[in-house]
1. In the list LEU132, LEU115, which residue meets the criterion of being aliphatic (A, V, I, L, M), more than 17 Å from THR26 (Cβ to Cβ) and open to solvent by less than 40 Å² (accessible area, probe 1.4 Å)?
2. Give all pairs with beta carbons closer than 6 Å in which a residue from region 49-72 that is more than 15 Å from ASP91 (Cα to Cα) and part of a helix (DSSP H, G or I) meets a residue that is among the polar types (S, T, N, Q) and open to solvent by less than 40 Å² (accessible area, probe 1.4 Å); count only pairs at least 6 apart in sequence or on separate chains.
3. Taking only pairs six or more apart or across chains, which ones have beta-carbon atoms under 8 Å, a first residue in region 98-111 that is without any contact (Cβ under 8 Å) to a residue 40 or more places away in the chain, and a second residue that is crowded, with 18+ Cβ neighbours inside 10 Å?
Amino acid sequence: MNDEVKKAKNRAQAARHRTEANRLRTQINTVQVNKKQIDQKIQEVEKAIRELHQSINQVHGLKSAVSTSLKSVSESNFKGSRRDKYNEKVDKVKSELSEYAKKNQENVEKFQQKLRRLQEESRLEAMTISSLNSQISALLSAAMSLEA
């Protein structure tokens with residue numbers, strides 16, 4: 001009789017371990033959904049950073065083209081102080097392009113900060129999943145040993 005009571009207690013304890021393991025599986029599912037959303041945001045931010053870099057490169061190319069082509073206009077095409085006014089406008093365009101590129105670079109830096117934060121969140125979620133899986137394994141192992 002004493003042996004039957006012990007077996008019943010062990011089966012009950014094993015059942016509690018399995019119930020806890022199932023609860024942890026539910027937690028894993030929730031964490032996996034969160035991690036998937038974070039990973040999707042990471043991809044979006046990486047895409048935005050690539051696009052900003054392309055934009056910055058295009059602006060630098062445009063700035064170079066403006067400088068080269070507009071500054072190469074011959075002096076004979078201008079009368080009086082027109083050349084100076086023309087050069088001022090060319091310099092203003094170059095300055096505005098530089099400012100635009102600078103603002104895009106600042107945006108890149110902001111996106112990179114966000115990317116690092118998201119990557120850290122994703123890493124923490126992965127660690128949580130791993131920890132929960134370990135807990136589940138331990139619970140199921142304990143349940144099996146109680147039933148043996």
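1. Result: LEU115 is the single residue among LEU132, LEU115 that is aliphatic (A, V, I, L, M), more than 17 Å from THR26 (Cβ to Cβ) and open to solvent by less than 40 Å² (accessible area, probe 1.4 Å).
2. Within 6 Å, the pairs are LEU52/ASN104; SER55/ASN104; ILE56/ASN104.
3. Short answer, once both residue conditions are applied: SER98/LYS63.
The values are calculated or read from the model by the stated rules, or taken from the named source; none is laboratory data. None of the values given here were measured: they were computed from a predicted structure. All Cβ positions, even for glycine, are placed from backbone atoms using ideal geometry, and neighbour counts span all protein chains on display. Accessible surface areas use protein heavy atoms only, side chains included; no ligands, DNA or RNA. Shrake-Rupley method; radii C 1.70, N 1.55, O 1.52, S 1.80 Å.
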